[in-house]
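Q: If you scroll down you'll find the structure; I have some questions about it.
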Amino acid sequence: MMDRREFLKTNAKIAAAAAIAGTLQSFPATAQEQKVSTREHNKKPVSLLGFGCMRLPMKNGEVDMELTGSLFDYAIRHGVNYFDTAWPYLGGKSETATGTLLKKYPRESFYLADKCPTWLIESPQDVDRIFDQQLKKCQVEYFDYYLVHALDQGRYENALKQNIHANLLKKKEEGKIKNLGFSFHDTPDVLEKILNNHQWDFVQLQINYVDWSLQDAERQYNLAVQHNLPVIVMEPLRGGNLAVLNENAIKVLKTANPNASAASWGLRYVASLPNVLTVLSGMNVMDHLKDNVSSLTGFRPLTSKEQETLERARQIYMSAGAIPCTGCDYCKDCPMGIRIPSLFAAYNTYKTTDDSKKKDAFNRYYNLATRNNSTPDQCVQCGLCEQHCPQHLPIREKLKEIVALNKEINRV
């Protein structure tokens, strides 16, 4: 892991590079407009804040169209023009909801991103079938940004076998895809191979101030820069974890700026990288959306002093020992019905909560996670969850830790 001196040195370079507006230009909005800042791609302005549609508001098992519609409307009124959905999001319901709610807006007024579910492609015909279904679900004739979804070494091998990239290039030639890229969850070496082997227009990476060193997002970002590819950032707040942190880390940030949320620090961190085109955030609560819009309106990169403050908060947060789970739910199909992300949330709540409140906080979240009567001690060690985890977490071992923690604090 990068030490403090190296972290600060690297991020001083980031701040300096962003300040002189490197590969992509930033256009701050006026106070009167209150529009999210934009960066240019292909001579068109793309909002620095992108709306991630993986975690839309739900009601009775369906997307809450009224609430989601109000979120979309607010975002668009304030300059957000990039919307990101995918085949598996919300059990296949995200694409339909996103397309339906964007339908009332002129097609040229927004950018829509969707993704090819690599793990479902068993023949070249599957690419065509799924792509055509996605166009219909989203009610569009083309995608502005289309990605090969969640590539790692295994999925990349399948993509090669099924000739996915060549198939999608044809769709780009036909005008059905304007920009072709991929999202990525693996090591920098695998990323470099994928970048070298194919022609891409952009790449989507998991970048935040924890993963900059934890998952070597720094090298991944620099590889994209070397290939002159704009970067779409996913998980800038690590599934919301960096929006809450822990009490002592929050104190550091609040002392530096009482009016800034923890989330705003995380968004500004990644937006300070000059090759970042847009920062995706899953915003299913209006207050979160408003805060994110405010954070990236009239955008200013983090200063060197702010970088030092954020590093102090990062060190405090990391020392708490939370599980670096983003809550993506890719592991949710556990054969025993164990709700893994919810259990990890209970564990992380315990680790990051003030001592006097730890037990009650853990039990509240643990009881919610096990209300279907599937407890972590029922894990059969099949390892399916770990095969699907984009963070490559040792899930089975962590479940054992949660079992032990529950026994320790509740004497069961």
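The values are calculated or read from the model by the stated rules, or taken from the named source; none is laboratory data. Keep in mind it's a predicted model, so treat the numbers as computed, not measured. Note that each Cβ is placed from the backbone with ideal geometry, even for glycine, and that neighbours are counted across all protein chains shown.
Q: If I go through segment 356-384 residue by residue, how many of them are part of a helix (DSSP H, G or I) and out of contact with any helix residue (DSSP H, G or I) (no Cβ under 6 Å at 6 or more places or on another chain)?
A: The number of residues fulfilling the criteria is 9.
Q: So, in segment 247-269, how many residues would count as being under 17 Å from the mean Cα position of the chain (by Cα) and touching a residue at least 60 places away in the same chain (Cβ under 8 Å)?
A: 2
Q: A further question on this structure: For segment 236-264, which residues satisfy the criterion of being surrounded by fewer than 18 Cβ atoms within 10 Å (Cβ to Cβ) and of a type in the set (K, R)?
A: Passing the criteria: K251, K254.
Q: Within segment 172-185, take every residue that is free of Cβ contacts under 8 Å to residues at least 60 places away in the same chain and surrounded by 20 or more Cβ atoms within 10 Å (Cβ to Cβ) and give me the one that is nearest to N222 (Cα to Cα).
A: The qualifying residue nearest to N222 (Cα to Cα) is F184.
Q: Further question on the same structure: What are the residues in segment 373-397 that are modelled with pLDDT of 90 or more and crowded, with 18+ Cβ neighbours inside 10 Å, if any?
A: Result: T375, P376, C379, C385, I395.
Q: Residues that are of a type in the set (D, E, K, R) and modelled with pLDDT of 95 or more: which strands (runs of 3 or more DSSP E) entirely in segment 1-108 hold 2 or more of them?
A: The strands (runs of 3 or more DSSP E) meeting that bar are 38-41.
Q: Read through the list (1) of a type in the set (A, V, I, L, M, F, W, C); (2) without any contact (Cβ under 8 Å) to a residue 40 or more places away in the chain; (3) farther than 20 Å from V190 by Cβ, then give the number of the only condition that L223 fails.
A: It fails just one condition, (3).
Q: Return the residue satisfying two criteria in turn: it lies in segment 315-356 and is surrounded by fewer than 16 Cβ atoms within 10 Å (Cβ to Cβ) and at pLDDT 90 or above, and of such residues it is nearest to the chain's Cα centre (by Cα).
A: Q315
Q: Oh, and also: Inside segment 151-161, can you point out the residues that are touching a residue at least 40 places away in the same chain (Cβ under 8 Å) and either surrounded by fewer than 23 Cβ atoms within 10 Å (Cβ to Cβ) or among the hydroxyl-bearing types (S, T, Y) (or both)?
A: Scanning segment 151-161 gives D152, N158.
Q: Okay, next question. For segment 172-229, give me every one of the helices (runs of 4 or more DSSP H) that falls completely inside it and has 3 or more residues that are of a type in the set (F, W, Y), assigned by TED's automatic domain parsing to the domain that holds L147 and on the phi < 0 side of the Ramachandran plot.
A: Filter on segment 172-229 gives an empty set.
Q: Report, by residue number, each residue of segment 298-341 that is more than 22 Å from L280 (Cα to Cα) and either small (G, A, S) or touching a strand residue (DSSP E or B) at 6+ places or on another chain (Cβ under 6 Å) (or both).
A: Across segment 298-341, the qualifying residues are S304, A313, S319, A320, G321, A322, G337.
Q: Another one. I need a count of the residues in segment 219-234 that are out of contact with any Pro (no Cβ under 9 Å at 6 or more places or on another chain) and either over 23 Å from M54 (Cα atoms) or not aliphatic (A, V, I, L, M) (or both).
A: Count: 6.
Q: Still on this structure: Restricting the first residue to segment 270-292 and requiring it to be assigned by TED's automatic domain parsing to the domain that holds L242 and of a type in the set (K, R), which pairs with a second residue that is assigned to a loop (DSSP other than H, G, I, E, B) and surrounded by fewer than 23 Cβ atoms within 10 Å (Cβ to Cβ) meet a Cβ separation below 9 Å and a spacing of at least six or different chains?
A: These pairs meet every condition: K290/H78.
Q: To continue, here is another question. Just one of the numbered conditions (1) closer than 23 Å to G282 by Cα; (2) surrounded by fewer than 16 Cβ atoms within 10 Å (Cβ to Cβ); (3) touching a helix residue (DSSP H, G or I) at 6+ places or on another chain (Cβ under 7 Å) is not true of I409; which one?
A: I409 satisfies every listed condition except (1).
Q: Whether any residue in segment 238-246 is part of a helix (DSSP H, G or I), modelled with pLDDT of 95 or more and under 27 Å from S342 (Cα atoms) is what I want to check.
A: No, the conditions are met nowhere in segment 238-246.
Q: Within segment 109-145, work out how many residues are touching a residue at least 40 places away in the same chain (Cβ under 8 Å), within 23 Å of K44 (Cα to Cα) and part of a helix (DSSP H, G or I).
A: Matching residues across segment 109-145 total 2.
Q: Okay, next question. Consider only pairs whose beta carbons are under 6 Å apart and that are at least six residues apart or on different chains; among these, list those whose first residue lies in segment 75-97 and is closer than 11 Å to G52 by Cα and not assigned by TED's automatic domain parsing to the domain that holds E40 and whose second residue is at pLDDT 95 or above and assigned to a helix (DSSP H, G or I).
A: none
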